[in-house]
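Inspection log for the structure reproduced underneath, given as structure tokens.
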Amino acid sequence: MTALCLDTSAYSHFKRGDEPAVEAIAWTRRIAVPVVVLGELRAGFAAGKRSSINERELRAFLSNPVVEVLDVDEPASAIYAEIVQQLKRAGTPLPSNDIWIAALAAREGLPVLTYDAHFQAIPRVGVRLLEEQERD
């Protein structure tokens, strides 16, 4: 795959060495990371015991030339609103942060790399759903 938009779960599994995430990210030439994902990651870091290590590793990841941060802007807000209405009509509400991630991916025309199947309920965005590998 040449381009992907990472969900928080994809980055977390990648950092834990989960093979599907590592494989997908290793072969991607453009990795988009929504600013919303950065907020979720940093909130998790702050609650853990490896906060400074996790932050340092995240900064190193973000400094890779194939990685770019996607910011929220006016076009993304319009896509967000459209997705929210589609989900309400379908009776499938999702977490707001995941809708923002999907809106940013849709704005860029990128599939979301995720372990969260509920992204498949969003018709506007492609999804590359990964399954967690069992550990020995």
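Odds and ends about this structure:
- Every condition in (1) under 17 Å from residue 35 (Cβ atoms); (2) in contact with a Phe, Trp or Tyr (Cβ under 7 Å, 6 or more places away or on another chain) is met by residue 105 except one, and the failing one is (2).
- The number of residues in region 103-117 that are under 22 Å from residue 23 (Cα atoms) and in contact with a helix residue (DSSP H, G or I) (Cβ under 6 Å, 6 or more places away or on another chain) comes to 5.
- If only residues of region 119-132 that are under 16 Å from residue 23 (Cα atoms) and surrounded by fewer than 14 Cβ atoms within 10 Å (Cβ to Cβ) are counted, the one that is modelled with the highest pLDDT is 131.
- Index of the failed condition, residue 24 passing every other in (1) without any contact (Cβ under 8 Å) to a residue 60 or more places away in the chain; (2) among the hydrophobic types (A, V, I, L, M, F, W, C); (3) surrounded by 19 or more Cβ atoms within 10 Å (Cβ to Cβ): (1)
- Given (1) more than 25 Å from residue 132 (Cβ to Cβ); (2) surrounded by fewer than 16 Cβ atoms within 10 Å (Cβ to Cβ), number of the condition residue 80 does not satisfy: (2)
- The set of residues from region 78-120 being farther than 27 Å from residue 67 by Cβ and among the small types (Gly, Ala, Ser) comprises 81, 90, 91.
- Residues in region 70-114 that are among the aliphatic types (A, V, I, L, M), in contact (Cβ under 8 Å) with a residue 60 or more places away in the chain and assigned to a loop (DSSP other than H, G, I, E, B): 110 alone.
- Checked against (1) under 19 Å from residue 109 (Cα atoms); (2) modelled with pLDDT of 95 or more; (3) of a type in the set (S, T, N, Q), residue 9 passes all but a single condition, namely (1).
- When region 12-33 is filtered for residues that are at pLDDT below 95 and of a type in the set (Phe, Trp, Tyr), only 27 remains.
- Of all residues in region 45-60, those that are polar (S, T, N, Q) have Cβ atoms under 7 Å from Cβ atoms of residues that are in a helix (DSSP H, G or I) and surrounded by 11 or more Cβ atoms within 10 Å (Cβ to Cβ), 6 or more apart or on another chain, in 51/45; 54/45.
- Of the helices (runs of 4 or more DSSP H) lying entirely inside region 4-52, those containing at least 2 residues that are over 13 Å from the mean Cα position of the chain (by Cα) are 19-26, 35-47.
- Inspection of region 94-107 identifies at least one residue that is of a type in the set (A, V, I, L, M) and either loosely packed, with under 12 Cβ neighbours inside 10 Å or more than 14 Å from the chain's Cα centre (by Cα) (or both).
The values are calculated or read from the model by the stated rules, or taken from the named source; none is laboratory data. What you are looking at is a predicted structure, and each value in this text was computed from that prediction instead of being measured. Counting neighbours? That spans all protein chains shown, and the Cβs are built from the backbone with ideal geometry, glycine included.
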